[in-house]
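Asks: One structure, pasted below without further comment.
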Amino acid sequence: MLKMTRLAVSAAVLLIAAASAVLPQMAAAQAPTAAPAAAAEPAATAPAPAPVAAQAAPTRAMEVVDNPYGLEALWKGGDIVAKITLAILAIMSMGSWYIIITKVYEQFKMGAQARAADKSFWNAPTVRQGAEKLKEGSPYRFIAESGLEATNKHTGLLGNVDLNTWISMSIQRAIDNVQSSTQDGLAFLATVGSTAPFVGLFGTVWGIYHALTAIGIAGQASIDKVAGPVGEALIMTAFGLAVAVPAVLGYNWLVRRNKAAMDMVRGFAADLHAVLLSAPKIPARA
């Protein structure tokens, strides 16, 4: 009995000793795992500032970088020769577009006046009444009044001239005046179209001169010394072409439209000449 009691006590002592030895190790093993868990918790909440980064990204995308070789830099950094060249090209461009727009409007108005003449003039009982139906400033009214004036002033020394020849001369002079007015401004377009490329070429040569000067002063052909003057030269070339091309195209287009308008004017004048010869004695206006 005592032997069994001693064995039970010994087993209990061994269990207590084993528990006292194992428990500290288990606590030490659990401590590192708790720490990562605690560290993982903030890590799980770390992506929360992402919206702030997302909000800051558009701000960085909206940043504007100044171009040191743009048109503004060319105007501010260019010398007086470059500025005068740019001003000349700008004046040429504005003048060309003004002439193109105004001449297109005038040609459109001439077309409307031609349709009005065909509709109302030939239905009038007399040439004078037909001319009065046309608007003031109309080339068709001007030609009709010139023909009437020729028939009324065929007296004195002018009476020695054949009536057919006299009326033809008067109407032809009126046609020449109308044609001269339709060609106003076309000479400027032709001049711009032929000289604007050379003005731009002058700016190109001037820019290359500045590039060579910068290389000579720096002693080396670095990109920062050459980029500005070469960019200035390229901009001048582009400006010269941008001014010349619309002027040339506009000139050719307006000349073709003038030819079509003058064909209608000459047809009206030929019919008027035949009408005036059929009734040469037209009473003057009271």
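The values are calculated or read from the model by the stated rules, or taken from the named source; none is laboratory data. Being a predicted model, the structure only gives us computed values, none of them experimental. Please note: Cβ atoms are built from the backbone with ideal geometry, for glycine as well, and neighbour counts cover all protein chains shown.
Asks: Of the residues VAL230, VAL226, VAL192, which single one is at pLDDT 90 or above, part of a helix (DSSP H, G or I) and buried (at least 16 other Cβ atoms within 10 Å of the Cβ)? I'd like the intermediate steps shown before the answer.
Replies: On the way: VAL230 fails: at pLDDT 90 or above; VAL226 fails: at pLDDT 90 or above.
Going through VAL230, VAL226, VAL192 in turn, the sole match is VAL192.
Asks: Here's something else I'd like to know. Starting from residues that are β-branched (Val, Ile, Thr) and under 39 Å from the mean Cα position of the chain (by Cα), keep the ones in region 89-129 and report whichever is farthest from VAL265 (Cα to Cα).
Replies: Of all residues in region 89-129, those β-branched (Val, Ile, Thr) come to 91, 99-102, 104, 126-127.
Adding the requirement that they be under 39 Å from the mean Cα position of the chain (by Cα) leaves 91, 99-102, 104.
On the way: ILE91: 34, ILE99: 22, ILE100: 21, ILE101: 22, THR102: 20, VAL104: 17 Å.
Filtering first and then ranking leaves ILE91.
Asks: Give me a count of the residues in region 122-138 that are surrounded by 15 or more Cβ atoms within 10 Å (Cβ to Cβ), over 18 Å from VAL178 (Cα atoms) and touching a residue at least 24 places away in the same chain (Cβ under 8 Å).
Replies: 2
Asks: Kindly list, by first and then second residue, each pair from a residue in region 200-216 that is more than 12 Å from LEU86 (Cβ to Cβ) and without any contact (Cβ under 8 Å) to a residue 12 or more places away in the chain to a residue that is polar (S, T, N, Q) and not in a helix (DSSP H, G or I), limited to pairs with Cβ atoms under 9 Å and residues at least 6 apart or on different chains.
Replies: Close Cβ pairs (under 9 Å, with a partner that is polar (S, T, N, Q) and not in a helix (DSSP H, G or I)) amount to ILE215/SER222.
Asks: Looking only at region 90-121, count how many residues are within 30 Å of GLY200 (Cα to Cα), charged (D, E, K, R) and loosely packed, with under 14 Cβ neighbours inside 10 Å.
Replies: 0
Asks: Being in contact with a Ser or Thr (Cβ under 7 Å, 6 or more places away or on another chain), outside any loop (DSSP other than H, G, I, E, B) and touching a residue at least 60 places away in the same chain (Cβ under 8 Å) narrows it down to one of ILE175, ILE167, so name that one. Spell out how you get there, then give the answer.
Replies: On the way: ILE175 fails: in contact with a Ser or Thr (Cβ under 7 Å, 6 or more places away or on another chain).
Going through ILE175, ILE167 in turn, the sole match is ILE167.
Asks: In region 79-89, how many are exposed (fewer than 13 other Cβ atoms within 10 Å of the Cβ) and of a type outside the set (A, V, I, L, M, F, W, C)?
Replies: Qualifying residue count for the region: 1.
Asks: For ALA244, indicate whether it is modelled with pLDDT of 90 or more and over 24 Å from the mean Cα position of the chain (by Cα). Talk me through it step by step, then tell me what you get.
Replies: Working: modelled with pLDDT of 90 or more: yes; over 24 Å from the mean Cα position of the chain (by Cα): no.
For ALA244, the condition - modelled with pLDDT of 90 or more and over 24 Å from the mean Cα position of the chain (by Cα) - is not met.
Asks: Give region 100-156 a look and list any residue that's part of a helix (DSSP H, G or I), in contact with a helix residue (DSSP H, G or I) (Cβ under 8 Å, 6 or more places away or on another chain) and of a type in the set (Lys, Arg), or say none.
Replies: LYS103, ARG128, LYS133, ARG141
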